[in-house]
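Novice: Below you will find the structure I want to go over with you.
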Amino acid sequence: MKECGKNSSSPCAACKLLRRRCGHDCVFAPYFPADEPHKFANVHKVFGASNVSKMLQELPEQKRGDAVSSMVYEANARVRDPVYGCVGAISSLQQQIDMLRTQLAMAQAEVVQLRLRQSTNITNSPPNSGSPIMGSQPKGYFHMDLDVDQSNTFNEPMWPY
């Protein structure tokens, strides 16, 4: 009799961990190859082999690969963060997005402030104030003085939540 799938002579990672014979009809074999034992170990630790087997048997074969990928991802997240799992990772990423949005809004406000300051400097300066002999040129539109007033930068958020 063939073991663990069609052409393999060694048991799949699941059967190896569970110390059982891996038959040709093993539901785990296509998704937990022998050379990736950690993959099944975490899934088994979090979901249990019996539950994983039941889930896989209830699904059509074309959806099993995606289900295994999801279980492996969730199991790895649960091993790293036993309380929150994937939700903890998602929450952390959402906090990073919120922080980056705030920083982006502050940077955009600073750019607007600098452009306004520059445009008032251009309109208030007398024409041809620079001397061509001294090498001084009038400032272009995109030239920015980097004197930034940061006293009001962190006091209030840029938009309501």
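The values are calculated or read from the model by the stated rules, or taken from the named source; none is laboratory data. Please read all numbers here as calculations on a predicted model, not as lab measurements. Backbone-built Cβ (ideal geometry, glycine too); neighbour counts: all protein chains shown. Note: areas computed on protein heavy atoms with side chains; ligands, DNA, RNA excluded. Shrake-Rupley method; radii C 1.70, N 1.55, O 1.52, S 1.80 Å.
Novice: In whole Å, what is the distance between the alpha-carbon centres of segment 40-87 and segment 92-127?
Specialist: Spelled out, the Cα-based centre of one part sits 46 Å from the other.
Novice: Can I ask one more? Give, in nm to one decimal, the length gained when the segment between MET55 and VAL83 is fully stretched (0.36 nm per residue of separation minus the Cα-Cα distance).
Specialist: 7.8 nm
Novice: Can you work out ³J(HN,Hα) from phi for every residue in segment 17-26, in order, using Karplus 6.51 cos²θ - 1.76 cosθ + 1.60 and θ = phi - 60°, giving whole Hz and x for Gly and Pro?
Specialist: 5, 7, 6, 10, 6, 9, x, 5, 9, 4
Novice: Sort THR102, THR120 by heavy-atom solvent-accessible area, probe 1.4 angstrom, most to least.
Specialist: Largest accessible area first, the list is THR120, THR102.
Novice: Once phi is turned into ³J(HN,Hα) by the Karplus curve 6.51 cos²θ - 1.76 cosθ + 1.60 with θ = phi - 60°, what whole-Hz value does each residue of segment 89-98 show in order, with x for glycine and proline?
Specialist: Taking θ as phi minus 60°, the curve returns 5, 5, 4, 4, 5, 5, 5, 5, 4, 4 Hz for segment 89-98.
Novice: Need the full-extension length gain, LYS45 to THR102, defined as separation in residues times 0.36 nm minus the C-alpha distance. One decimal, nm.
Specialist: 16.6 nm
Novice: While we're looking at this one, here's another question. For the peptides 69-80, 46-57, what is the packing order when you average, over each peptide's residues, the other Cβ atoms within 10 Å and list the highest mean first?
Specialist: Going from most to least packed, we get 69-80, 46-57.
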